[in-house]
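Colleague: Let me begin by handing over the structure; questions about it come next.
The values are calculated or read from the model by the stated rules, or taken from the named source; none is laboratory data. Since the model is a prediction, treat every value here as computed from it, not as a measurement. Please note: Cβ atoms are built from the backbone with ideal geometry, for glycine as well, and neighbour counts cover all protein chains shown.
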Amino acid sequence: MCDDEFSGTTTDGQNSGIDLRSRVDQILGSTQTETDYIVSFHTSAAGAKMNTDIIINDTDFTNEAGFIAGNISEQTIYVRVQDRNGPLKCVKNPVSFKIIVNPIPAVSNTISPFAVCDIATSSDSDTRNRIAQNIDLTSKDSEILAGKTNHRVAYYATQQDAQDGNEIANPTDFQNITSETNFPADFNTDNPGVETIFFKVFDLGGNQCESIFATFQLLIYPEPNIPINISDYSDCDNTSDSFANDANGINGDITLKNKIPEILANYQPAEFADFSVTFYTSLTDAESGNTALAIDENIFENDANNQTIYVRVENTKNTPIACVNTKLSFNINIKSLPSFTVMGEENIDAPQIVCLNDTPLTLEAENPAATYDYIWTNEAGTTLGNNATLQVTTAGKYTVIANDQSPDGCSRERTIVVNESNIATLLESFITIIDESNNLSSNDNISISIDTLSNDLGPGDYQFALKNDDNRRSFSFNWFSR
Ligand SMILES: [Ca+2]
Ligand SMILES: [Ca+2]
Ligand SMILES: [Ca+2]
């Protein structure tokens, strides 16, 4: 028999309530009965012979103690069989049998909690109701067995089931039982549902003894509480992309981590450290959780406008269990800048010229792709106008900003450089004409020089031209300047 608790403990090698008389039929065999024979039990061979050392309470016997825990406990019981009827009342030589109390498997009362994540299944799509399917309780086998071989673990939903031997039928595919689960008072927290699981260890060896029951806690954690939708990642087109193009719907300076507060909107900022938020370009990658495939959250260049980004959120607070949400995605929305051109754009075109004798010069945001709001400013930052055109009378740099009129629209600015010019002042006294026809090797040459150092022509750069009013002769020119 297996060491039971009726003696007080299951580790004393001692059992109570042993019914020695249950062996009488076996002792007498099939052809004799107690009608003809007296069967008594004794603690010694001599006692059986002399009818002493009688076990009085032989239907409720407790074997003797003096036992080393873990060992098999044995006590020999001696049987006296005496003839009831004959004049001699003969006594058979005593026979004996052993009471063997086997130790039962030891079990730990400090099995660690078993944490699982509530994930969507075909029968339960709610990932925060703390009811999980496909729970493999046998994951706890090795911790419970602690190295025992030729033993198995049985799992039970309740203490009554453990006592009745009513095992969980399929412990590799368990769903926690609502009536046995303690649910958190506030489902908006990430606190787990808790169910106590009962277990026993069975010795599969010769004595087949089973342990007493013990328990561990099954913890069912919810998926992170993440919004179903968040806004797009939105920014104005710029030249940070690898094409340096501010009109291609691609930016190279996308900082996805800026979306984390929105993604974790259901948590307090102080809780953000409990979560790992990573971004992927496909759902498959997000579900894999392979961080080598994750996007750099600090800097990213989208492949095309409206590209979808997939979010993986892990609750890392309850490591080693980390419940994951990969349901959220959002798009990258790169907004177009206003499209228009100007003449005389700084660093691109030749400057525009304002003729001081013919003011004003009209500057214009030309070829606009839409109706924009305009702001014109000078180099000092002073606002000069709000129309598509601006009239200027002096040289300078004029900047026009076009703002898209849609909400959160983008803006583009272009700067126009304006230089001044006027009618040139050219006095005859500063022009020198020399006839060089008398010089050797100089045939019919005339040199004309203009002294631009003494003669201030006025603002601007100048071109010089000779005008021929004599159709009879042809000219050739050599130009020199200094
Ligand atoms: Ca016992
Ligand atoms: Ca569920
Ligand atoms: Ca771009």
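Colleague: Specify which of the listed residues (ILE77, ILE131, ILE135) is modelled with pLDDT of 95 or more, assigned by TED's automatic domain parsing to the domain that holds THR52 and crowded, with 16+ Cβ neighbours inside 10 Å.
Modeller: It is ILE77.
Colleague: Let me ask another. Filter the range 124-153 down to residues that are in a strand (DSSP E or B) and more than 16 Å from ligand 2 (Cβ to nearest atom) and give me whichever is nearest to the chain's Cα centre (by Cα).
Modeller: So the residue we want is VAL153.
Colleague: Right, next: Could you list all residues from the range 174-190 that are part of a loop (DSSP other than H, G, I, E, B) and among the small types (Gly, Ala, Ser)?
Modeller: Of everything in the range 174-190, just one residue is part of a loop (DSSP other than H, G, I, E, B) and among the small types (Gly, Ala, Ser), namely ALA185.
Colleague: Given the conditions (1) under 30 Å from the mean Cα position of the chain (by Cα); (2) under 30 Å from ASN266 (Cα atoms), which single one is not true for SER179?
Modeller: Here SER179 clears every test but (1).
Colleague: Hey, among THR127, THR158, which residue is of a type in the set (Ser, Thr, Tyr) and touching a Cys at 6+ places or on another chain (Cβ under 9 Å)?
Modeller: That would be THR127, the only listed residue that is of a type in the set (Ser, Thr, Tyr) and touching a Cys at 6+ places or on another chain (Cβ under 9 Å).
Colleague: Right, here's the next one. Checking ASP285 against (1) closer than 17 Å to ILE230 by Cα; (2) in contact with a Leu (Cβ under 7 Å, 6 or more places away or on another chain), which single condition isn't satisfied?
Modeller: ASP285 satisfies every listed condition except (1).
Colleague: Just checking, how many residues over the range 229-244 are exposed (fewer than 13 other Cβ atoms within 10 Å of the Cβ) and either more than 25 Å from SER276 (Cβ to Cβ) or within 16 Å of ligand 1 (Cβ to nearest atom) (or both)?
Modeller: 3
Colleague: When both residues are 6+ apart or on different chains and their Cβ atoms are under 9 Å apart, which pairs have a first residue that lies in the range 329-341 and is buried (at least 19 other Cβ atoms within 10 Å of the Cβ), and a second that is assigned to a strand (DSSP E or B) and among the polar types (S, T, N, Q)?
Modeller: From residues that are buried (at least 19 other Cβ atoms within 10 Å of the Cβ), the pairs are PHE330/THR308; ILE332/SER234; ILE332/THR308; ILE334/SER234; LEU337/SER411; PRO338/ASN403; PRO338/SER411.
Colleague: If ALA304 passes every condition in (1) surrounded by fewer than 20 Cβ atoms within 10 Å (Cβ to Cβ); (2) over 25 Å from PRO407 (Cβ atoms) but one, which one does it miss?
Modeller: It fails just one condition, (2).
Colleague: Need a quick list: strands (runs of 3 or more DSSP E) entirely within the range 202-290 having at least 1 residues that are more than 30 Å from LEU145 (Cβ to Cβ).
Modeller: By residue number, 233-236, 275-280.
Colleague: Which residue is farthest from ligand 3 (Cβ to nearest atom), if the candidates are limited to the range 126-164 and must be over 24 Å from PRO184 (Cβ atoms) and of a type in the set (Val, Ile, Thr)?
Modeller: The extreme case among them is THR149.
Colleague: Would you confirm, using the coordinates I've provided, whether ALA65 is within 15 Å of SER7 (Cβ to Cβ) and surrounded by fewer than 16 Cβ atoms within 10 Å (Cβ to Cβ)?
Modeller: yes
Colleague: Could you tell me whether the range 108-118 includes any residue that is within 16 Å of ligand 1 (Cβ to nearest atom), not basic (Lys, Arg) and not assigned by TED's automatic domain parsing to the domain that holds PRO184?
Modeller: Checking the range 108-118: not a single residue is within 16 Å of ligand 1 (Cβ to nearest atom), not basic (Lys, Arg) and not assigned by TED's automatic domain parsing to the domain that holds PRO184.
Colleague: Here's another thing I want to ask about it. Look through the range 10-24, keep the residues that are charged (D, E, K, R) and touching a residue at least 40 places away in the same chain (Cβ under 8 Å), and return whichever of them is farthest from ligand 3 (Cβ to nearest atom).
Modeller: ARG23
Colleague: Run down SER16, SER40, SER44 and say which single residue is within 16 Å of ligand 1 (Cβ to nearest atom) and at negative phi.
Modeller: Just one listed residue meets the conditions, SER16.
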